[in-house]
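The block underneath contains the structure these notes are about, expressed in structure tokens.
The values are calculated or read from the model by the stated rules, or taken from the named source; none is laboratory data. Since the structure is predicted, the reported quantities are computational estimates derived from the model, not experimental observations. Note that we place each Cβ from the backbone using ideal geometry, even for glycine, and neighbour counts take in every protein chain shown.
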């Protein structure tokens, strides 16, 4: 029975993904109904596999959405079918984008880059800069998986360095790097979703997010210097001996240089193709990204002459790994029901009136001050950055805010970034705590609250200057 349910889930996800892309270009009522039914299959099979007590969030979103539909003027059947279509773009993105990691695992790219750039990473500050920056680049390929992957990589280099000082050094660099990436990395679903939902300029959104990330890296370097002094540990001495030991086992410099060049080409080609084509092709960003990713992956394996390897990897993904996305897909389907249900009510008007009432009481504050806190608060009750972004952006889409959409994107992604830095109930900190053995509170709030505060003040200063100047 378990195998039948697993097979049903895999089939539902596969059908949903195929029908999603086909109906985007060739819309047909029967196929759209089939798309909704396959979405229902994903939801039902996921609930059966996980059991209701372990899948409270998506089930709760679904039930609240159904209750709202019952009390609205919409047919419950039509409301549920339309609700399962609400987040179709996100589901297509969540199924396809993890495939990027296939390419990164084909060659020892990380080790090659470490060997190539060791002279630039021979002090604790330089190495910290390297970790926090490279985590953002790896996030482009691995998304959330960049956290455990980078921790394992750094731990491999610093295998003999133990203690809270070293875990602070490694953990804050990786966590802050990933948190900053959600403000500019276009392959991260939450960023791509809010850019498209707000109809913001992709180029401007990426540019201002990158500038904030650069400023965040500089601030983090300053914090790391004081943190090292506080612990009273000479990290540079330990780091130098570990790197020398690693390099003594490194051979074949030609292969290493080739892998560094390959990785650079892979990053530029993926980033550049998404950025350039989004300006010239009239396809929604959340549809364009997975299409480019699929072409990019196939091109890589064709160029490397590994088509058999691609076929084997794809089979493994469909049969085993794709089902691992089911919880997140279920969350998106539940959120879709809730968002569609809210769209059939006067919730948007109520939300707008609430904002204007607040501004009447506090005329010197605008809504952009509060948007990040909506994300942060929801993050502390266990809602992940993507779920929160979908809910908040889905509400903001239906109301008018007199600000450039790129500023709205920046403020909500700021909230997402801070919730990743601080919330001990979100997966980034849970995974990091599982790796380094420190508590979620220590990895989150204790190590990062000052950095998060500076990040908020810094970004909000930029946002409010633009609002005041009318840019």
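Computed quantities for the displayed model
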{"read-out": "Total residues in segment 241-271, condition surrounded by 16 or more Cβ atoms within 10 Å (Cβ to Cβ) and either assigned to a loop (DSSP other than H, G, I, E, B) or modelled with pLDDT under 80 (or both)", "value": "4"}
{"read-out": "Selected residue (only one of 263, 267, 280 is in the same structural domain as residue 112 (by TED's automatic domain parsing) and over 23 Å from residue 190 (Cα atoms))", "value": "263"}
{"read-out": "Residue in segment 402-418 that is assigned to a helix (DSSP H, G or I) and either at pLDDT below 85 or out of contact with any helix residue (DSSP H, G or I) (no Cβ under 8 Å at 6 or more places or on another chain) (or both) present", "value": "yes"}
{"read-out": "Residues satisfying the stated conditions in segment 452-471, i.e. without any contact (Cβ under 8 Å) to a residue 24 or more places away in the chain and within 18 Å of residue 420 (Cα to Cα)", "value": "453, 457"}
{"read-out": "Residues satisfying the stated conditions in segment 100-126, i.e. buried (at least 20 other Cβ atoms within 10 Å of the Cβ) and modelled with pLDDT of 85 or more", "value": "103"}
{"read-out": "Selection count where residues are closer than 17 Å to residue 334 by Cβ and without any contact (Cβ under 8 Å) to a residue 40 or more places away in the chain, scope segment 12-36", "value": "1"}
{"read-out": "Answer from 132, 222, 137 - the residue that is in a helix (DSSP H, G or I) and over 23 Å from the mean Cα position of the chain (by Cα)", "value": "222"}
{"read-out": "Options 235, 207; residue that is more than 23 Å from residue 402 (Cβ to Cβ) and out of contact with any strand residue (DSSP E or B) (no Cβ under 8 Å at 6 or more places or on another chain)", "value": "235"}
{"read-out": "Qualifying position, being within 30 Å of residue 287 (Cβ to Cβ), touching a residue at least 12 places away in the same chain (Cβ under 8 Å) and crowded, with 21+ Cβ neighbours inside 10 Å, among 210, 183", "value": "183"}
